[in-house]
Amino acid sequence: MSEAKTPRPTVAAPAPASIAADGSPAAVRSTAFGGITLSWDKLLTTVPIYIGLIVIWLYFDSQTAGKFIGARNLSEMAQEFSYEAVLAIGVVFVLLLGEIDLSLGYLTLLSVALTASFSALSQYSAGVSILLAIVICTLCGLLQGMLIAWVRMPSFVVTLGGFLIFEGIAYHILAGSTINVFDPFISSIGTYYLSNTVSWIVAVIVVAAYVLAKVANYRARAKAGLPHAPVARTVAAAIAIGVVLAIIVATLNSYRGVPVALAILAAFTIVFWFFASKLQIGRRIYAVGGNLEAARRAGINTTAVRWLVFGISGMMAGVAGVMLVGYSAAGSTTTAGPDLLLDVISIAVIGGVSLTGGKGTVWAVLLGGLVIASLDSGLNLMATDPYYVYVIKGAILLAAIGIDVIGKRSSGFSWLRRRTARA
Amino acid sequence: MQSEAPSYSRATAEEPLLQVRGLVKNFGAVEALRGVDFEASVGQVTALLGDNGAGKSTLIKCIAGTHVPDGGEILLGGAPQHFRTPIDATRAGIETVYQDLALCDNLDVVANLFLGREEGQTLIPGVVRTLDEEDMEKRASEALSTLRINIPSVRNQVAQLSGGQRQSIAVAKAVLWSPQVVILDEPTAALGVAQTRQVLDLVLRLRERGLAVIVITHNMVDVFEVADRASVMRLGSRVASFNIKEVTPDDVVAAITGSRSFETVAQA
Amino acid sequence: MHLRKRLIPVITLALAVPTIAAFPIASHVQAASQQARIKGKVAFLFSDFTTSARWQFDKQFFIKDLKKLDPGVQVVVYDAKAAQTNQQNQAKSALTAGANLIIDVPVDSAQAASIIRAAHANKPRVPVIAYDRLITGAYEDAYASFDGASVGVQQGNFLKAHVAKGGTIVSIAGSPTDNNAHLFYNGAMSVLKPLFDSHYYKLGYDKFTPDWNDATAQQEMASALNQLNNKVNGVLVANDGMAGGVITALQAQKLAGKIPVTGQDATAAGIQQICLGNQSMTIYKPVIKLAQRAANIADKFLHHKVFKSAVKTQTGAGGTPSAIIPVITVTKANLAATVIKDGYVAKSAVPQCHL
């Protein structure tokens, strides 16, 4: 497209006044912070969560004589709640579209039922059982997606139907009983640990990959004649990632190592972050969630995008169900259910994913998952009356949604912005 | 860029690039267009005027491929066109900027400019193609500077931009793909004085670049500021076509309201 | 224990479920045999077939036993799908269809009183037997159930017999919203609490588990082991499902099979764990005996006789004559003679037992 690339103004027009100088307050919303540009909204929506997390940790630690921030509890936390965060990855994509998937709790239960019955009753090999369960759940998700994307039924209604249907099928398969799963490979998913050496190697690979990707990025930007971020900042980020990973690996290794379940969560998070932010299809998911009409006019096949997202959601339910069977070495009607749905939506929202679509990243599941896992684990460790668990979780969900809604309103945090602008 | 706009033999000054002849469009019993003629020429700004319900939007939507006309023909560079979808019109080189702008607020300027036409680069041959952010960013910056659109950063989210900036981005998005015809639907309707000025300057730059620009507007000041020609519609027909230099705002208003009839459409 | 799902926090569901489920799903209509001395229709209203496998046994055994006594009687089975309003509608339909007797497993003990009132107001008056769960607030004609209060007592006694002095005990109780969970817990504590008070044992961890969720029970057990530095000498677990989770948590600390773990329901999964040595006991409720007693009582009512019993249960509206079936502690030693012999768990379902 030579025309677009090469400027060729034919008439020397008088230099126009900069549009940015039009005095619109909306244009000045970000603040330079040590060379890092942070938007106020982002700052104001994530900082309370981090503060909350620190408060939660310190409180539980003080109440459990230092057991809470111990290697053993943190390791168990990772093992117990990774499946929820994996399930939340699917939720992130559904929420990015501004849709909802109510069926996830029972679709996960269906995966539990399928995995357990294929492995323990049909005596299929672990690989076949796992694959079948995930494929069937993906198809269930695609089926719902078809009704939503092509037939244009509201996702709320379709997944409410799915909610009942998957519940019915799962209950039928399990027939009210518990199925013990003795397959060592499936159990290994939920109960094994990476060896110390492997964990360190993986950590080094992750940091190296980050550095290499940044180097490639610098080169590409230099080649395109674009300015790049200060090198010092990138070095600092690489060091920060390295230190955080080292702390995590060292801590977990001091107990039994990095749980396989956590490694699975990390792998899925990285893969889906790449999918969402580096690929064309990911960009289009954000576009459809941001402005469906604009995406449609831009020639994006919005129907296919919406369909695909519900397929992802179903697939992650399949994976979460397999992980859950691995964790409990059994499947029963009480292994998963509608409470799980509320947990995973909380995870996504706490992690900064907006319920109205288009806003948030896959990384949300790590932050949100950590908050939810900390709550459950801490309250378990304290043997707190479960009534409080409901109340606390509900309150946290409302707080996270409140922050999102207020932040979205244009006048949201304007009083604070104005105050800091004056200072 | 993969989708090169088809090149037509550039129409001469005598023959307009875009010609609409006897266009008819009915919605049930309602005749929205009753055999409308319309034309737009290269390097000219053509204003499309008329009261609400005169048929301006229907005409534009037929040209943009959103509506399929029931009769008449649309010629581009002399060749008849049969648009079934907006994509067809875009491929033929007609871009439309609607009033609601069709921007994704949650994406940055670069992503919006390349929406639906993202550039990729091969990461793993035959398996994974990633977005080529550097090239898109470079070309976005170039396009904006060509049109002299100033924004703090092309990596700003569109939600953070002002109304005038958003309108400018929407226009830049349309011309990035080197169309021959650009249709702007009420580009200054929601803007203040300073921002209106920016957008009108931008319209003039589009003309300088040799595009056929069509502007739908209600604002007579805008018309006399930027337009070369004006077509006036009333009740689904074109009632007048002016060379702006030869008429006064009163003449135009009279045509719009129907207080004076123009039996012979004034041709320049 | 028949776990009842907590109601789902989706309002629409409240609208959706009745429309789907309220239509009487008269699933098992038994053809009346012609040579019968008496005819009649019995409506058996179940609470929820989906969440517990045992109701299928209740249904089969009851129909078989009643047919032996009264071959001409027809039994119509309903499933309320865990919603009391469904059951109320089903009861009305049964009365309209001319049922002579209602046997009810209530979803909600208090709300089910309206079923009794409707049956008694019917012309002719239709007697109601409360099955497995008591109906409170109205006077049912008979109550047939297991000795639920002794479930917890037997679990507590088992631990008392198998945990040495000075031992630490962990309690993983059932759903805090389920009255049965409190009943079982209190039964166990009636044995164990004096021992805790006298410092004979220590109660190291004590928690109720929402929804009887086995994965949550596993998390709780992991927390308990962490909190107590693995110094645990016995685990009071309310049912087999949660015991499975507790065992997985114990396995992670290489403690499975080394300390007593209780259970309840005599499920196939629980029996498997018992045979593997991971679970120590389960409570078996001989459904076969309960169904038999209920069939006998039903036979009395169908012949227009009155059921009398010295055992009375307070319903809140007076003492109801009751048939209370004792529950049985099942261990590796007696499982062949009880659960397997009764056909409650098939031999083929528990290959680990090498029977």
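The values are calculated or read from the model by the stated rules, or taken from the named source; none is laboratory data. Bear in mind the structure is a predicted one, so any value in this text is a computation, not a measurement. Here the Cβ is made from the backbone with ideal geometry for all residues, glycine too, and neighbour counts use every protein chain on show. Side chains are part of the model used for accessible areas, which takes the heavy atoms of the whole protein and leaves out ligands, DNA and RNA. Shrake-Rupley method; radii C 1.70, N 1.55, O 1.52, S 1.80 Å.
List of remarks:
- Just one of the listed residues (B:134, B:95, B:118) is open to solvent by less than 60 Å² (accessible area, probe 1.4 Å), touching a residue at least 12 places away in the same chain (Cβ under 8 Å), within 9 Å of chain A (Cβ to nearest Cβ) and not β-branched (Val, Ile, Thr), and it is B:118.
- Tally, over the range B:157-179, of residues that are open to solvent by 10 Å² or more (accessible area, probe 1.4 Å) and more than 9 Å from chain A (Cβ to nearest Cβ): 2
- Options C:79, C:104; residue that is at pLDDT 95 or above, under 21 Å from residue C:287 (Cβ atoms) and crowded, with 20+ Cβ neighbours inside 10 Å: C:104
- Residue pairs whose Cβ atoms lie under 6 Å apart, separated by 6 or more positions or on different chains, with the first residue in the range A:230-250 and under 18 Å from residue A:70 (Cα atoms) and the second among the hydroxyl-bearing types (Ser, Thr, Tyr), are A:249/A:199.
- Count of residues meeting criterion [closer than 24 Å to residue A:214 by Cα and open to solvent by less than 50 Å² (accessible area, probe 1.4 Å)] in the range A:241-266: 7
- Criterion: of a type in the set (S, T, N, Q) and open to solvent by less than 10 Å² (accessible area, probe 1.4 Å) - qualifying residue of C:150, C:198, C:171: C:171
- All of A:201, A:186 fail the test of being under 21 Å from residue A:78 (Cα atoms) and either in a loop (DSSP other than H, G, I, E, B) or open to solvent by less than 60 Å² (accessible area, probe 1.4 Å) (or both), apart from A:186.
- Output for the range C:251-270, where each listed residue is within 27 Å of residue C:63 (Cα to Cα) and either part of a loop (DSSP other than H, G, I, E, B) or away from every other protein chain (no Cβ under 12 Å) (or both): C:264, C:265, C:266, C:267
- If only residues of the range B:104-115 that are in contact with a strand residue (DSSP E or B) (Cβ under 9 Å, 6 or more places away or on another chain) and more than 9 Å from chain A (Cβ to nearest Cβ) are counted, the one that is nearest to residue A:360 (Cα to Cα) is B:108.
- Flag for residue B:100 being without any contact (Cβ under 8 Å) to a residue 40 or more places away in the chain, within 30 Å of residue A:360 (Cα to Cα) and open to solvent by 50 Å² or more (accessible area, probe 1.4 Å): yes
- Just so you know, in the range B:70-92 the residues that are open to solvent by 30 Å² or more (accessible area, probe 1.4 Å) and in contact with a strand residue (DSSP E or B) (Cβ under 6 Å, 6 or more places away or on another chain) include one that is nearest to the other protein chains (Cβ to nearest Cβ), and it is B:81.
- Test set (1) in contact with a strand residue (DSSP E or B) (Cβ under 6 Å, 6 or more places away or on another chain); (2) at pLDDT 90 or above - residue A:386 fails condition number: (2)
- Those helices (runs of 4 or more DSSP H) of the range A:98-179 in which at least 3 residues are modelled with pLDDT under 95 and open to solvent by 10 Å² or more (accessible area, probe 1.4 Å), considering only elements entirely within it, cover A:155-174.
- Given (1) more than 25 Å from residue A:159 (Cβ to Cβ); (2) open to solvent by 30 Å² or more (accessible area, probe 1.4 Å); (3) more than 14 Å from the chain's Cα centre (by Cα), number of the condition residue A:384 does not satisfy: (2)
- For the range A:278-288, the set of residues classified as touching a residue at least 12 places away in the same chain (Cβ under 8 Å) and either of a type in the set (Val, Ile, Thr) or within 7 Å of chain B (Cβ to nearest Cβ) (or both) consists of A:281, A:285, A:286, A:287, A:288, listed by residue number.
- Qualifying positions in the range C:210-226 - open to solvent by less than 10 Å² (accessible area, probe 1.4 Å) and more than 7 Å from chain A (Cβ to nearest Cβ): C:217, C:221, C:224, C:225
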